[in-house]
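K.L.:
Before I ask anything, here is the structure I am working with.
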Ligand SMILES: Cc1ncc(C[n+]2csc(CCOP(=O)(O)OP(=O)(O)O)c2C)c(N)n1
């Protein structure tokens with residue numbers, strides 16, 4: 001690790017143009033400084049550490065060779081773009097990474113002209129890159145190169161295949177760099193991943209590894225007449241690299257695999273492939289977490305980390321309460337002990353969803369499909385048709401892409417699939433690509449789907465039991481993080497039954513999920529007699545209770561960790577309207593229908609008037 005006082009090279013890089021002035025030794029030193037800066041920053045801000053450390057040399061090489069921002073680099077997912085940010089004029093601001101009004105943890109076009117495409121969700125890069133390549137042709141700017149960097153995990157997503165398939169047919173000018181590190185968040189899964197790993201370990205490659213640097217120097221230099229040059233360059237590279245059958249069959253020229261930490265080699269090879277035309281794929285292999293031993297040892301833990309102590313890698317804060325994901329994972333194991341039909345599915349989020357417990361307890365009943373949310377849902381539908389009881393655990397933001405599969409494949413046939421929708425609501429630092437603020441809006445209108453949200457982890461356990469017993473499509477949304485027990489849950493409850501926590505005459509707050517706790521604090525703050533109801537269900541609503549309370553108090557406030565458009569409050573308004581209740585005033589509190597920026601949840605809840613103080617003021621005014 002480079003010491004603070006010697007960190008001078010990085011300071012001089014105000015744009016990628018400065019990179020080109022550095023010699024090979026300086027470039028290597030720069031890689032060390034970048035790693036140091038990333039570790040220092042992420043240890044304070046939290047963030048995606050392992051992936052960013054793994055692509056430092058690749059990032060330097062790409063910016064060294066390309067002429068960005070005219071040439072475009074599209075980072076798939078974008079969680080590995082920290083070195084890119086540091087090299088593109090954001091060194092000074094980098095310590096504000098993921099902070100409110102600071103640097104975003106993902107590429108943001110609004111943030112920099114070097115961020116070619118907004119990313120956050122996986123497997124979009126090849127489609128976006130192909131789109132840009134087509135546009136370049138239309139605009140007559142073919143000399144601007146389009147380079148896509150995609151990981152082996154993200155390549156498991158259906159969109160990536162669709163795009164490869166299309167790009168191979170169109171034969172546009174597109175350069176794909178496939179970064180293999182044998183990891184998604186956990187180990188990559190699937191036949192494709194095995195194929196990529198076979199490419200990395202082929203004997204011919206091992207034989208070549210020692211000689212590769214020497215061989216590369218034999219490739220003809222640029223400057224010979226263009227017509228023969230391109231062919232000779234390609235042949236030269238081909239001679240030292242092996243055949244990537246699958247990609248060749250799809251219409252790509254395949255180069256690799258090469259060591260993604262050998263800076264000289266990368267610059268050489270990328271430079272030469274960049275001169276070629278048409279769809280081409282360079283396969284590099286890297287080590288996730290490279291350069292920071294704790295991350296290298298445990299890349300999964302440091303994939304997305306909270307602030308930590310650099311010397312040990314230990315997290316700075318540990319909650320004394322269990323997380324929703326943890327409780328979900330443990331509960332599903334218990335349920336499955338008594339019901340052999342229960343199976344679980346995750347889309348590359350084994351640890352994050354808490355399903356690692358299930359994987360350990362019932363390896364044969366656990367399915368990690370890779371980054372393939374659409375497939376995960378229809379796979380569950382197939383299992384359910386044939387008699388199983390699948391539980392599909394996916395984060396709210398990533399389930400967005402499986403809307404049609406939920407509607408068409410699960411709900412249309414009323415299949416007993418339980419959706420555990422984690423990270424629902426505001427997630428904070430990961431920003432607009434990751435906020436789980438839309439799920440109620442995309443689920444609530446689907447016929448035959450029950451939608452619920454627990455006030456705490458105790459209620460989550462009860463809802464999981466209820467959902468499995470119901471034998472119908474159910475979605476349970478719950479937030480990121482931990483919770484203590486809010487109040488003793490009144491038992492038993494059935495589908496569509498809300499819970500009155502505080503009686504009130506002047507009005508009532510109907511709160512959903514984690515906002516129940518906030519509503520109780522607000523009611524406590526007020527000098528008015530305001531009731532609090534734990535709504536529990538968004539669909540079906542506890543219609544009788546809500547209508548009675550509306551008639552009695554004449555004032556209803558709805559409170560949700562979701563956008564107000566199409567959410568829980570909208571459901572209550574629709575109910576009142578359908579019953580022609582026109583003399584009740586309703587105030588819907590939640591996030592506005594905008595893309596909520598990144599930042600600490602406390603700051604964002606406050607900014608949008610959804611902290612205890614803000615809600616208290618809204619209720620008083622109302
Ligand atoms: C649609 C979608 N599903 C899940 C995720 C969560 N996620 C972020 S990065 C990642 C793994 C990506 O693996 P890979 O592309 O190999 O990159 P690496 O982190 O290994 O560099 C996953 C599953 C996501 N961003 N988007």
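What follows is calculated from the coordinates using simple rules that are stated; it is not laboratory data. None of the values given here were measured: they were computed from a predicted structure. Quick reminder, even Gly has a Cβ in these numbers, built from the backbone with ideal geometry, and neighbours come from all protein chains shown.
K.L.:
Sum -39500 (n - 2.57) across every DSSP H segment of at least 4 residues in the chain, then divide by the residue count to get the 222 nm mean residue ellipticity, nearest 500.
P.N.:
Result for the chain: -11500 deg cm²/dmol, rounded to the nearest 500.
K.L.:
Let me ask something else about it. Note the angle between two axes, namely the Cα long axis of helix 125-139 and the longest principal axis of the Cα atoms of the chain, as a number of degrees from 0 to 90, rounded to the nearest 10.
P.N.:
Tilt of helix 125-139: around 60 degrees.
K.L.:
Remind me, relative contact order of region 142-184 in percent, using alpha carbon pairs under 8 angstrom and six or more residues apart?
P.N.:
Details: 42 pairs, mean separation 27.1, N = 43.
With pairs under 8 Å counted, the relative contact order is 63 percent.
K.L.:
What FRET efficiency comes out for the pair residue 581/residue 484, r = Cβ-Cβ distance, R0 = 35 Å, nearest 0.05?
P.N.:
0.45
K.L.:
I need the shape label for region 324-477. Rule: rounded when a/c is under 1.5, else prolate if a/b > b/c, else oblate, with a, b, c from the alpha carbon gyration tensor. Intermediate values should be presented prior to the final figure.
P.N.:
Details: a/c = 1.32, a/b = 1.12, b/c = 1.18.
In terms of gyration-tensor shape, rounded.
K.L.:
Now for a different question. Beta carbons within 10 angstrom, averaged per residue: use that to sort the peptides 528-538, 306-316, 273-283, highest first. Could the numbers behind the result be given before it?
P.N.:
Working: 528-538: 23.5, 306-316: 13.2, 273-283: 20.4.
Descending mean neighbour count gives 528-538, 273-283, 306-316.
K.L.:
I'd like to compare 453-460, 509-516: which one has the highest average count of other Cβ atoms within 10 Å, and what's the full order after that? Can you show the working numbers first?
P.N.:
Details: 453-460: 24.8, 509-516: 28.8.
Answer by packing, highest mean first, reads 509-516, 453-460.
K.L.:
Same structure, new question: Which distance in nm do the two modelled labels at residue 505 and residue 17 give, with both placed 7 Å along the Cα-to-Cβ direction?
P.N.:
7.4
K.L.:
So, one more: What FRET efficiency, computed as 1/(1 + (r/R0)^6) with R0 = 22 Å and r the Cβ-Cβ distance, is obtained for residue 470 and residue 341, rounded to the nearest 0.05?
P.N.:
Once rounded, the FRET efficiency stands at 0.95.
K.L.:
Here's something else I'd like to know. Place the peptides 374-380, 152-158 in order of packing, highest mean first, counting for every residue the other Cβ atoms within 10 Å and averaging per peptide.
P.N.:
Final packing ranking: 152-158, 374-380.
K.L.:
Rounded to the nearest 0.05, what FRET efficiency is calculated for residue 565 and residue 408 with R0 set to 30 Å and r the Cβ-Cβ distance?
P.N.:
On the way: r = 24 Å, r/R0 = 0.78.
Plugging the Cβ-Cβ distance into 1/(1 + (r/R0)^6) gives 0.80.
K.L.:
Something else now. What angle, in degrees between 0 and 90 and rounded to the nearest 10, separates the Cα long axis of helix 56-65 from the longest principal axis of the Cα atoms of the chain?
P.N.:
Relative to the chain, helix 56-65 is tipped by roughly 60 degrees.
K.L.:
Here is a follow-up. For region 498-622, just the Cα set please: Rg and Dmax, both in angstrom.
P.N.:
13.6, 41
K.L.:
Out of every Cα pair in the chain, what percent are spaced more than 48 Å from each other?
P.N.:
19
K.L.:
Quick one: Debye curve from the C-alpha atoms of region 272-367, no solvent, what's log10 I(q)/I(0) at q = 0.18, 0.24 Å⁻¹?
P.N.:
Log10 I(q)/I(0), no solvent term: -0.93, -1.18.
K.L.:
Something else: Just to be sure I understand the model, the point goes 7 Å from the Cα along the line to the Cβ. What's the resulting residue 494 to residue 445 distance in nm?
P.N.:
My value for the distance between the label points is 3.0 nm.
K.L.:
Which value in Å is the Kirkwood Rh of region 555-604 over different Cα pairs?
P.N.:
12.0
K.L.:
Another one. For region 324-477, calculate the relative contact order in percent as a whole number, restricting contacts to Cα pairs under 8 Å that are 6 or more residues apart.
P.N.:
On the way: 300 pairs, mean separation 35.4, N = 154.
After rounding, I find 23 percent.
K.L.:
Between 0 and 90 degrees, rounded to the nearest ten: what's the tilt of helix 324-338 against the longest Cα principal axis of the chain?
P.N.:
80
K.L.:
Here is a further query. Can you tell me how much longer the chain between residue 400 and residue 166 gets when fully stretched, taken as 0.36 nm per residue apart minus their C-alpha distance, in nm with one decimal?
P.N.:
Extra length available between residue 400 and residue 166 comes to 81.9 nm.
K.L.:
Follow-up question, since we're still on this one. Defining a contact as two alpha carbons under 8 Å apart and six or more residues distant in sequence, what relative contact order in percent does the chain show?
P.N.:
Numbers: 1286 pairs, mean separation 69.8, N = 622.
Relative contact order here is 11 percent.
K.L.:
Oh, and also: Please compute the Kirkwood hydrodynamic radius of region 438-584 from all pairs of different C-alpha atoms, in Å with one decimal.
P.N.:
It works out to 15.4 Å.
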